[in-house]
């Protein structure tokens, strides 16, 4: 589990193709300072397991499903990536709960610079639009962001100076593809409603109705 607060921008130093998977080696002095083999680490919003550590780098195996569902298969040596170590029980939750499980790939279609910040517009797969709401949370390449506005096919986010400086979104060009993870709470609620586990519009689903004596509600 992560929080979507990027700790550093790492650099891909090796990509090894291994048939139906890929071995990715990334340099990240900050995140590797206390990283151990077997620990989880977020690379552009994808939860990977560090299998080898050496001289400020870590290596992780990327399975075919991950390569298919994310942008990691497009990474080349020299590419910059957002890195975050897994959260601990004592971590500050500065962003939101992020699993590192990519739901789809979006595309940056517009950037509007301001005096100190920037508005970025992205389109996303049609199947994800129902999970994106204004002022809700979304993860873009591992970055926890607040949705500023929602349109028929996409959404906008505002990037503050710290995000522009400290993540790869600061200089991502138009057409750049990004990993998206929607808020997992929305998906669980949808699933429960679809299964009938959360009845809608009945007294049994209203905790207030169960607690208050009959006739005392306004």
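The residue that is farthest from residue 125 (Cα to Cα), among those in the stretch 143-194 that are assigned to a loop (DSSP other than H, G, I, E, B) and within 17 Å of the chain's Cα centre (by Cα), is 167. Within the stretch 121-152, if we keep just the residues that are in contact with a helix residue (DSSP H, G or I) (Cβ under 7 Å, 6 or more places away or on another chain) and more than 17 Å from residue 186 (Cα to Cα), the residue that is surrounded by the most Cβ atoms within 10 Å (Cβ to Cβ) turns out to be 141. Cβ separations smaller than 6 Å between residues 6+ apart or across chains give the following pairs from the stretch 100-124 residues that are without any contact (Cβ under 8 Å) to a residue 24 or more places away in the chain to residues that are in a strand (DSSP E or B) and surrounded by 14 or more Cβ atoms within 10 Å (Cβ to Cβ): 112/119. Of the set (1) at pLDDT 95 or above; (2) out of contact with any helix residue (DSSP H, G or I) (no Cβ under 7 Å at 6 or more places or on another chain); (3) over 26 Å from residue 125 (Cα atoms), all apply to residue 9 but (2).
If you check 50, 60, 87, which single one turns out to be outside any strand (DSSP E or B) and crowded, with 17+ Cβ neighbours inside 10 Å? Answer to the selection: 87. Scoring residue 218 on the criteria (1) at pLDDT below 95; (2) exposed (fewer than 15 other Cβ atoms within 10 Å of the Cβ); (3) touching a strand residue (DSSP E or B) at 6+ places or on another chain (Cβ under 7 Å) leaves a single failure, condition (3).
Out of the residues in the stretch 32-47 that are without any contact (Cβ under 8 Å) to a residue 60 or more places away in the chain and not in a strand (DSSP E or B), state the one that is nearest to the chain's Cα centre (by Cα). Step by step, filter the stretch 32-47, then rank; the result is 39. Counting only residues that are more than 21 Å from residue 37 (Cβ to Cβ), touching a residue at least 40 places away in the same chain (Cβ under 8 Å) and in a strand (DSSP E or B), the stretch 1-27 holds 1 of them. Residues of the stretch 40-47 include none that is exposed (fewer than 13 other Cβ atoms within 10 Å of the Cβ) and modelled with pLDDT of 95 or more. Considering (1) part of a loop (DSSP other than H, G, I, E, B); (2) at pLDDT 95 or above; (3) out of contact with any helix residue (DSSP H, G or I) (no Cβ under 9 Å at 6 or more places or on another chain), the lone condition that residue 102 does not fulfil carries the number (3).
Which condition breaks for residue 68 when tested against (1) in a strand (DSSP E or B); (2) surrounded by fewer than 20 Cβ atoms within 10 Å (Cβ to Cβ); (3) within 20 Å of the chain's Cα centre (by Cα)? It fails just one condition, (1). Restricting the first member to the stretch 183-196 and to residues that are closer than 21 Å to residue 4 by Cα, and the second to residues that are assigned to a helix (DSSP H, G or I), the beta-carbon pairs closer than 6 Å and six or more apart or on different chains are 186/131.
Yes/no per residue for (1) in a strand (DSSP E or B); (2) over 22 Å from residue 42 (Cα atoms); (3) assigned by TED's automatic domain parsing to the domain that holds residue 38:
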| site | (1), (2), (3) |
| --- | --- |
| 78 | no, no, yes |
| 81 | yes, no, yes |
| 91 | no, no, no |
| 96 | no, no, no |
| 110 | yes, yes, no |
| 115 | no, yes, no |
| 119 | yes, yes, no |
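The values are calculated or read from the model by the stated rules, or taken from the named source; none is laboratory data. Because the structure is predicted, anything quoted here is derived from the model rather than measured. FYI the Cβ positions are ideal-geometry reconstructions off the backbone, even for glycines, and counts take in every protein chain you see.
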